[in-house]
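Below: the structure, in structure tokens.
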Amino acid sequence: MLPSTVGKSWFRSVSIQLSRVGYRRPSVWFPHWGRSRLLVPCVRTTPKQLVRFVSNVSSAPTTWIDRLPPRVQPYLHLTRIDKPIGTLLLFYPCTWSITMASYALDAPLATNLAYIGLFGLGALVMRGAGCTINDMWDKNLDRAVERTRMRPLAQGALTRREALVFLGGQLAVGLCVLLQLNWYSILLGASSLSVVTIYPLMKRITYWPQAVLGLAFNWGAFLGWSAIAGTVNWHVCLPLYLGGVCWTLVYDSIYAHQDKIDDVKAGIRSTALLFGEKSRPILSALSASAMSLVTYAGVVNVQGVPFYLGVGLGGVQLVKVLWRTNFDDRVSCWKGFVGCGWAGFWIWMGTLVDYGAKIAGMY
């Protein structure tokens, strides 16, 4: 900060053109005004000093959300809709289960695709609802972590009351999706909300919040099967679910490594802090467990060769991620986190090809 601004924490709204110095203008939401305003420190200094000051200010990366009306931006940022990896990680266990059930019951392709689409919409909506619940719990904690301090609730762009009303809308849409299923699946799906709700609390009381997230994020391994069959085949779905939980422990532990320094200061607990320097071997063991459990589910379901090839590609992807990820580098951890999602994708593709081959009469 410039010497002339020391002790001056006040800001004023301006509408000046800073493109000459190659600076992307930052903006802050003012929900009561219904629009965003440019904020820069009010300084009494020369133009050269101002240019030096502006060049040292870091701006948050922009996304497609920032091109939308300012009034809706905080709500969309709250859902993390611009970061689809979270939705995909919730979606993939649903696809495994739906496709494996379709394979076992010889369900028509149209049925499979209809439920894939329905669960895709449900994953999008409920992942956003989970983010809203998480940020309502973590409003104060997020302010203490560099990566999360600009989230809408943490920076004051939304109030908890506004977020609560928005959450009601999200849950209403999620309920509409859930009501398209049979009653067994409706009750099974509703029972997962308790786990979703308590997850943010876990980082305050245990070093295993990632395990609780795994319990919530892989519920689709049960729900997908029941949507197709009307009930759950526990012999297949339980190992599939546990494999998904192990997979979640891998990717969310890598994710947690991004914030481990700030987490210590804020009193946030995670498997990243618990595993520490042993993260790589522990996550390798969890990856092997995940692929083994998914493979066992395939054996019980009498899957064909394409299924196991998909699981094999998923395992190779996890090996690549764990080999390349630098747990002390935030960018590397984010890439590793996203890379873990491809493991789930390859498992789905293997399952889908296997199902397609069966309904085509190839075996």
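Read-outs: derived from the displayed coordinates by stated rules, not from any lab. Owing to the predicted nature of the structure, the values given are computational and were not obtained by experimental measurement. Every residue, glycine as well, gets a Cβ built from its backbone with ideal geometry; the counts of neighbours run over all protein chains shown.
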| note | The base-10 log of I(q)/I(0) that the Debye equation returns for the range 153-233 at q = 0.17, 0.18, 0.24 Å⁻¹, one scatterer per C-alpha, is -0.83, -0.89, -1.12
| said: Could you work out the percent of alpha carbon pairs in the range 145-286 separated by over 28 Å, rounded to a whole number? | reply: 32 percent
| field | Within-11-Å neighbourhood charge of Gly86 [Cβ basis; K, R +1; D, E -1] | value | +1
| query | For Leu179 and His235 in the same chain, what is the full-extension length gain: residue separation times 0.36 nm, less their Cα-Cα distance, in nm? | reply | 17.6 nm
| message | Can you give the local net charge around Thr132? Use residues other than it whose beta-carbon is closer than 12 angstrom to its beta-carbon, Lys and Arg +1, Asp and Glu -1. | response | +2
| note | Links exceeding 20 Å between C-alpha atoms in this model, out of Lys139/Lys278; Lys83/Lys278; Lys139/Lys265; Lys139/Lys203; Lys203/Lys260, come to Lys139/Lys278; Lys83/Lys278
| task | Let me know the whole percent of all Cα-Cα pairs from the range 68-360 that are separated by more than 34 Å. | result | 19 percent
| query | Where does the charge balance sit around Gly361 when Lys and Arg score +1, Asp and Glu -1, over other residues with C-beta under 15 Å from its C-beta? | reply | -1
| field | Listed peptides 238-249, 308-319 by packing density, highest first (mean Cβ within 10 Å) | value | 238-249, 308-319
| field | Separation of alpha-carbon centers, the range 193-233 and the range 97-140, rounded to whole Å | value | 12 Å
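Rounded to the nearest 0.05, what FRET efficiency is calculated for Leu274 and Thr197 with R0 set to 22 Å and r the Cβ-Cβ distance?
0.40
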